[in-house]
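A short write-up of the structure that comes next.
Derivation of every value follows stated rules applied to the coordinates shown; laboratory data play no part. Note that the structure is predicted; figures quoted are calculated from it, not measured. Counting neighbours? That spans all protein chains shown, and the Cβs are built from the backbone with ideal geometry, glycine included.
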Ligand SMILES: C[S@@+](CC[C@H](N)C(=O)[O-])C[C@H]1O[C@@H](n2cnc3c(N)ncnc32)[C@H](O)[C@@H]1O
């Protein structure tokens with residue numbers, strides 16, 4: 001493991017170079033401020049399997065998730081080749097590019113996330129955008145960006161994450177993966193459930209394991225959703241529980257398996 005990440009995990013402290021701070025949210029000490037090791041391991045497995053050339057992360061804070069992702073990116077053959085031929089100033093062709101979006105990096109987080117990325121030797125992988133996601137994501141669309149992987153861990157309201165999912169869906173190639181952190185919170189669970197109504201998405205993995213698959217009971221209950229008289233009166237989250245969908249977990253990843261071809265009239269309960 002990268003020494004900077006290992007040190008943060010062992011000490012549960014971060015530093016701006018002068019002062020140390022606990023690895024906790026400065027305003028809400030009870031809220032998680034970083035992915036846990038199980039979630040970090042899932043992010044690394046996704047990178048190992050998807051081998052993203054273009055990835056995105058929303059919400060950097062002290063940079064723990066960025067360190068997990070960049071560590072896995074740096075092991076990819078394309079990154080190793082690129083760093084062997086790198087000049088100090090230019091990002092070599094073929095090198096992975098990890099776009100990190102966080103509007104409060106230099107204020108609330110005192111630049112510690114970027115410092116950790118730099119100290120770990122990952123600066124050449126990262127394109128940092130100190131912007132709100134609702135500003136950065138439309139810009140990426142305008143730039144013609146295509147993503148292979150996105151990790152969503154910013155502001156956690158339903159509407160914010162829904163807007164982020166809207167743009168990521170537009171940016172993501174077929175085969176690409178989106179991971180949502182804190183997916184056990186109702187606001188984010190609702191977005192994941194909504195995304196899974198699209199024919200284009202299926203569950204890829206959770207931090208609990210790769211093989212979270214719908215149960216037989218779940219599939220039978222799901223069959224009821226095709227009976228209009230029943231589906232009209234029962235709540236969709238009764239007919240398809242989270243464990244039926246295979247989305248129990250704090251970090252849930254979904255994969256785009258086909259183009260999103262929904263018509264303008266598309267509307268499914270979730
Ligand atoms: C839970 S922290 C991220 C933790 C980080 N992913 C990790 O695991 O180390 C949430 C982050 O979202 C950022 N954030 C808040 N509003 C945002 C917005 N509109 N767009 C992007 N990021 C936002 C905050 O500044 C904060 O850094």
In degrees, nearest ten, helix 186-195 long axis to first principal axis of the chain (Cα): 70
Find the all-direction average of the projected area of the Cα convex hull for segment 131-171, expressing the result in square nanometres with one decimal place. 2.7
Have a look at the DSSP beta bridges in the chain and tell me what percent are antiparallel, nearest 5. 45
What angle do you read, to the nearest 10 degrees and between 0 and 90, between the alpha-carbon axis of helix 37-50 and the longest principal axis of the chain? 80
With a 10 Å radius around each residue's Cβ, average the other Cβ atoms per peptide and rank 168-176, 34-42, highest first. 34-42, 168-176
Could you tell me the ratio Rg/Rh of segment 136-270? Both radii from Cα atoms, Rh via Kirkwood. 0.97
Semi-axes of the equivalent ellipsoid for the chain, Cα gyration tensor, largest first, Å: 34, 21, 17
Give me 128, 28 ranked fewest to most by other Cβ atoms within 10 Å of their Cβ, as a rough exposure proxy. 28, 128
Take the Cα coordinates of segment 1-153, assign each an equal point scatterer, and use the Debye formula without solvent to give log10 I(q)/I(0) at q = 0.12, 0.13, 0.17, 0.18 Å⁻¹. -0.48, -0.57, -0.99, -1.11
If you count, for each residue, the other Cβ atoms within 10 Å and average over each peptide, how do 177-185, 194-202 line up from highest to lowest? 177-185, 194-202
Between helix 158-171 and the chain, what is the angle of the helix's C-alpha long axis to the longest principal axis, kept within 0 to 90° and rounded to the nearest 10? 80
Using a/c under 1.5 as the rounded threshold, could you call segment 19-79 rounded, prolate or oblate? The axes a ≥ b ≥ c are square roots of the C-alpha gyration tensor eigenvalues, and prolate needs a/b larger than b/c, oblate otherwise. prolate
